[in-house]
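Participant: Have a look at this one.
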Amino acid sequence: PLLDTVFSFLRRKTDFFAGPPGSGERGVEIALEKVNDVVNKHANLYREQVAKKASRKKEPAKKKAEDSDVVEVDADGGFDISPSENIERKGEQIKEEKAVSSAPEAEKSAEAAPPVGNGGTVDGKYVWTQSLSEVNVNVPLPGNTRGRDLKVSIAKKHLKVGMKKNPGEWIVNSPLSKPVICDDSFWTVEDGNRLVINLQKLNQMEWWDSVCTGDPTIDVKAIQPENSSLTDLDGETRQTVEKMMFDQRQKAMGLPTSDEQKKLDMLEKFKKAHPEMDFSNAKIS
């Protein structure tokens, strides 16, 4: 319809179809040729625009395909040709493997923590520390205990500790895990509530994993060499050892440990602050 309108206008208002002067009967034919030229020109322009748009669409796709083909060289000099998605997945997989492998290492390092004083605790009996040359055993005793109240026997391969008032009963009566030098070993009562036994090792180039056979053992590989005498320990370690000894002594006497005593003290303060409340059925846990 648009072309019909245009041709009608040209026919009525112009000499377009008449052709150039002197063309005669070929005027109409020449006019049609002009029209065809114009139409073909616009058609060619349209095709070029369509081709350019198509080529622009293909370029990003081609670039993406080129980027996806990544060539990597590994540590051995080999080539890894794979899409980028595979490389990302591979990186994530490596991170996961590292996280999984690091977990056992963390657990191992936690388990390998050095024992306090390079020794340990035998529940209900004693706390012990050591150096390469000697072992110190700290046995909690009832208050105001004297040396004459005790029965202590240090043999090369055996240790006995008991109270004279309890004949036939022994706090410690077991073979030693390693032999000792009897003449250089000794014992003493400190503060009236602690028996300290100093055992001189026969082999002064090895660590003990326990004092007596059958007692809980420690990991000697985790030991860090240091002085084991209670007076030579650093403040924090000494405080820890003394706390363990106090708790052992309290348990032996049927009394609350240091942690339990703190809870009782807090309860007493709360009672005083709230006298209107009934604490007759209160329990400490």
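Participant: Name, by its number, the condition in (1) open to solvent by less than 70 Å² (accessible area, probe 1.4 Å); (2) farther than 20 Å from VAL127 by Cα; (3) at pLDDT below 90 that does not hold for THR240.
Facilitator: Failed condition: (2).
Participant: Find the residue count for region 179-198, including only residues that are surrounded by 18 or more Cβ atoms within 10 Å (Cβ to Cβ) and in a loop (DSSP other than H, G, I, E, B).
Facilitator: Residues that pass the stated criteria total 1.
The values are calculated or read from the model by the stated rules, or taken from the named source; none is laboratory data. Worth saying up front: this structure is predicted, and the values here are computed from it rather than measured. For neighbour counting, all protein chains shown are included, and Cβ atoms are generated from backbone atoms with ideal geometry for every residue, glycine included. We work out accessible area using only protein heavy atoms, side chains counted, and drop any ligands, DNA or RNA first. Shrake-Rupley method; radii C 1.70, N 1.55, O 1.52, S 1.80 Å.
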